[in-house]
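The structure appears below as structure tokens.
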Amino acid sequence: MRDLHMKQELIELSPLLTNSRPYICEITEGLRKQLGLSKYLQSLKINCGMHTVTCPVVLINEDHLSLSLTDNILDELHLPKQSFKLQAKQIDSAQIRLGPIIGVLTEISTKQGLNFGSIHDFCHELARYCHANGCLLYIFSLKMYNKDHMTGYCFTDDKWVKTSVPYPDVVHNRIHSRKLEHSKTFLSVTSDFIENKTPYFNDRFLNKWEVHQILSASEHLVPYLPDSKLLESKAILEQMLHDKKDVFIKPINGSQGKRIFRVIEQENTSYLLDFTTFSGEINKQYDSFYQLFSALYPRLKREGFLVQETINLKKYNNHTLDFRFLCHKKDQQNWKISSSVARVSGDNQFVANLARGGSIHQIKSLLDELYGERDSLHLRKLLAELSLEIVEVICIQAGGEFGEFGIDLALDAEGKPWIIEVNTKPSKSEDDPKKGKVRPSARAIINYCLFLYNKN
């Protein structure tokens, strides 16, 4: 582990224009003093990512904190040939480390211009916050990964530029495809990270059943969990319908409210079926369980599902209402809530998801309207505390590094909270930034990267 008391400074790093000596660096007297480097410094060892250069030093008698490197040195360190801020950390009297180098791993499309998918705008904010805080950030894909010569997209002069970059000190995993995350390539890349002691988060997608098992093992969270079972047989669905009369059938690897069924057993033992996003005709009413299951089976056999009791949730203007809490890790064990919103479902939707036409509202104003100010304050505290309890339990039990969760909660008609879903790669559409601002979740991601960098 690095010594957290080592001197570290935000410095100006710039290319050194010289033809006579291709391997030389200029360091200001101000920076030498601040980092506690030797008064008699003649050569400097510089680490960056997994690269190291040792070069002669010219001391410049100036107070500002500046380091200038020739093109040859920048090439060997795989750093861009431009001026930018970076953090310099003293290792010993003649050695420094430059960083942190932060890689964001995601899918990249270049078919109709460069696109990072649903996190494209979010990546702009990450880059802006990094520029201001002395971090070098780049975006890369599994296909671009080459441990000996990394390339990535850096945000320079208001555009993304593909360039040679150092090996990352920390990686933020924003792969959106579960299939890709189960690929041999992903396994190989993350094995490299582990071998090189490069922390990466979030470790992986957690499916709904995995989350349910983790949370239901914590006694204090059981009262907030809807009764759920893995749909392993026809008998399980039949029994749940007999016991609960109203259930949801959810894909264990689903997201954005897709591919969800709701089934209601009526008094005459006929069944009503509702669903979110399936193409093709599905009848809405069935006279027997056999007919219902025969209609569902072709879709249920394609992937894993769980069956969950339907909770009579509090409505807002007769629409489904839930709450999204974005939680971020601050350090080794402490979490915080970076943002929270209320979500109201679209017309004829039983999920309050923006991807399904839902809308977002301020939690305080909406709960004030529904419950009055005093009860609203109590409920907001309760929901926030429950969110943090959930992430702390999952973080301990799931294994791997996690730094961000989206927690979906709801209230029933009596005002009791229920856990709806836990998202390991939460959407960035619920906490849209105010114009020109970097949203709290972007700041929290980079701050956690900084924590991991300084700890590692």
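So that you can scan it fast, the table gives a plain yes or no per residue for (1) in contact (Cβ under 8 Å) with a residue 12 or more places away in the chain; (2) surrounded by fewer than 21 Cβ atoms within 10 Å (Cβ to Cβ); (3) not assigned by TED's automatic domain parsing to the domain that holds LEU126:
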site	(1), (2), (3)
PRO166	yes, no, no
ARG174	yes, no, no
GLU181	yes, yes, no
SER191	no, yes, no
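Quick one: which residue in SER338, SER345 is of a type outside the set (D, E, K, R), in contact with a helix residue (DSSP H, G or I) (Cβ under 8 Å, 6 or more places away or on another chain) and either within 21 Å of ALA444 (Cα to Cα) or modelled with pLDDT of 95 or more (or both)?
Working: SER345 fails: either within 21 Å of ALA444 (Cα to Cα) or modelled with pLDDT of 95 or more (or both).
The unique qualifying residue is SER338.
So is LYS229 under 18 Å from LYS301 (Cα atoms), modelled with pLDDT of 95 or more and not aromatic (Phe, Trp, Tyr) or not? It would help to see each step written out before you state the result.
On the way: under 18 Å from LYS301 (Cα atoms): yes; modelled with pLDDT of 95 or more: yes; not aromatic (Phe, Trp, Tyr): yes.
The answer is yes for LYS229.
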- Task: Scan region 140-160 for residues that are in contact (Cβ under 8 Å) with a residue 12 or more places away in the chain, in a strand (DSSP E or B) and either more than 27 Å from GLU9 (Cβ to Cβ) or assigned by TED's automatic domain parsing to the domain that holds ALA88 (or both) and report the count.
- Result: 4
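Show me the strands (runs of 3 or more DSSP E) entirely contained within region 262-342 in which 1 or more residues are among the polar types (S, T, N, Q).
Values: elements: 271-275, 305-309, 319-329.
Of the strands (runs of 3 or more DSSP E) lying wholly inside region 262-342, those with at least 1 residues that are among the polar types (S, T, N, Q) span 305-309, 319-329.
Got a number for residues in region 100-132 being under 15 Å from LYS437 (Cα atoms) and surrounded by fewer than 18 Cβ atoms within 10 Å (Cβ to Cβ)? Before the answer, list the steps.
Let us first name the residues in region 100-132 that are under 15 Å from LYS437 (Cα atoms), namely 121-132.
In the following step, the residues that additionally are surrounded by fewer than 18 Cβ atoms within 10 Å (Cβ to Cβ) were identified as 121, 124, 128, 131-132.
Residues in region 100-132 being under 15 Å from LYS437 (Cα atoms) and surrounded by fewer than 18 Cβ atoms within 10 Å (Cβ to Cβ): 5 in total.
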- Query: Would you call LEU86 over 28 Å from the mean Cα position of the chain (by Cα) and surrounded by 17 or more Cβ atoms within 10 Å (Cβ to Cβ)?
  - Reply: no
- Just one of the numbered conditions (1) of a type outside the set (Phe, Trp, Tyr); (2) at pLDDT below 95; (3) over 38 Å from the mean Cα position of the chain (by Cα); (4) surrounded by 16 or more Cβ atoms within 10 Å (Cβ to Cβ) is not true of GLU26; which one? (2)
- Note on the structure: Counted residues in region 400-425 being under 16 Å from the mean Cα position of the chain (by Cα) and either surrounded by fewer than 17 Cβ atoms within 10 Å (Cβ to Cβ) or among the hydrophobic types (A, V, I, L, M, F, W, C) (or both) come to 5
- Within region 298-342, the residues that are in contact (Cβ under 8 Å) with a residue 60 or more places away in the chain and more than 31 Å from the chain's Cα centre (by Cα) are none
- Name every residue in region 237-261 that is within 28 Å of LYS428 (Cβ to Cβ) and basic (Lys, Arg), in order of residue number. LYS250, LYS258, ARG259
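Do the conditions hold for PRO226, that is, is it closer than 16 Å to ILE102 by Cβ and touching a strand residue (DSSP E or B) at 6+ places or on another chain (Cβ under 6 Å)?
On the way: closer than 16 Å to ILE102 by Cβ: no; touching a strand residue (DSSP E or B) at 6+ places or on another chain (Cβ under 6 Å): yes.
No: the conditions fail for PRO226.
The values are calculated or read from the model by the stated rules, or taken from the named source; none is laboratory data. Quick caveat, the model's predicted, so the values are computed rather than measured. Ideal geometry is used to build each Cβ from the backbone, glycine not excepted, and the neighbour counts take in all protein chains shown.
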